[in-house]
Amino acid sequence: MSSFLRPAETNPKAVARIPAQAEYRPVSSHLAIAPPVSVVIPAMNEAENLPYVFKTLPDWIHEVVLVDGNSTDDTVQVARELRPDVTVVKQRGKGKGDALISGFAACTGEIIVMIDADGSADGGEIVSYVSALVGGADFAKGSRFANGGGTDDMTPIRKLGNRVLTTLVNAKFGARYTDLCYGYNAFWRHCLDEIALDCAGFEVETLMNIRVVKAGLRVQEIPSHEYNRIHGVSNLRAVRDGIRVLKVILRERGTRKRAVRPAMITGEVS
């Protein structure tokens, strides 16, 4: 069951974005939407995992944006074979944050979903995220520790670190998160103007979670289950990336809401 972090009241901005004669697409037996949904997938050498990832994506999504982190395998070729209409963004910089910023800039949908390319996330959950957004939330945040969520992938040290960092963010920023370092999220495109992302690494997820709270956006947690990576080895390093997350928390605690500026475009669309 989803846990509300802020009341998801009717959002006038969201209503205004829907054309009067919009074409509605069925999402489930009880939900149809007009806003187009873009799914951003940062990937580097994930050719073996993409078939599993793409298989779980709903057929009603508007577009898939694959951000290729200079892969040396057939990641791009496999993506195009699986989905000929995929938008491929060649990443110029390095890091997950840089990849996501590049992918967000290439999206044409009103709703943006970010999901990993390692097969650990179930694309079938996207309907829950979209439902929260059209129901009034600005930002739908995945949580492995909300009721109904879970994880097969976290080591005890990573669980402890995530819990400590989550508690710190809640205390410092007035949030009520149950999970902090998780990359399965969705949001209305207008949120990008409010949070002005500017970091390159894995800590981008923490930065987003902090800045949506600082911006006063409506956040709803979505229970999500994280599975083990199917093929390959993760680039995540618990201690190194934990320190980077902590630095982001401390930096953001000492800053006010930042001036709105466009998201950086660091990739080429092909």
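The values are calculated or read from the model by the stated rules, or taken from the named source; none is laboratory data. As the structure is a prediction and not an experimental result, all values here were calculated from the model. All Cβ positions, glycine included, derive from the backbone under ideal geometry; neighbour counts span all protein chains shown. Protein only, heavy atoms only, side chains kept; ligands, DNA and RNA dropped before computing areas. Shrake-Rupley method; radii C 1.70, N 1.55, O 1.52, S 1.80 Å.
Some observations on this one:
- Computed Kirkwood radius, in angstrom, where 1/r is averaged over Cα pairs of the stretch 68-176: 16.8
- Antiparallel %, DSSP beta bridges [both residues in the stretch 23-127], to 5: 20
- Extension gain for residue 70 to residue 127 (0.36 nm times residue separation, less C-alpha to C-alpha distance): 17.5 nm.
- Straightening the chain between residue 94 and residue 108 buys 2.7 nm, computed as 0.36 nm per residue apart minus the Cα-Cα spacing.
- Fully extending the segment from residue 82 to residue 55, taken as 0.36 nm per residue of separation minus the present Cα-Cα distance, adds 8.8 nm.
- Cα-Cα over 31 Å, subset of 55/247; 90/159; 90/172; 96/214: 55/247; 90/159; 90/172
- Probe 1.4 Å, protein heavy atoms only - accessible area per residue of the stretch 120-208 in square angstrom: 33
- Among 53-60, 121-128, 110-117, the order from most to least packed when residues are scored by Cβ within 10 Å on average: 110-117, 121-128, 53-60
- Packing-based ranking of 149-160, 208-219 yields 208-219, 149-160, ordered from highest to lowest mean Cβ neighbour count within 10 Å.
- Inter-probe distance in nm under a simple model that places probes 7 Å from Cα toward Cβ, at residue 34 and residue 152: 4.0
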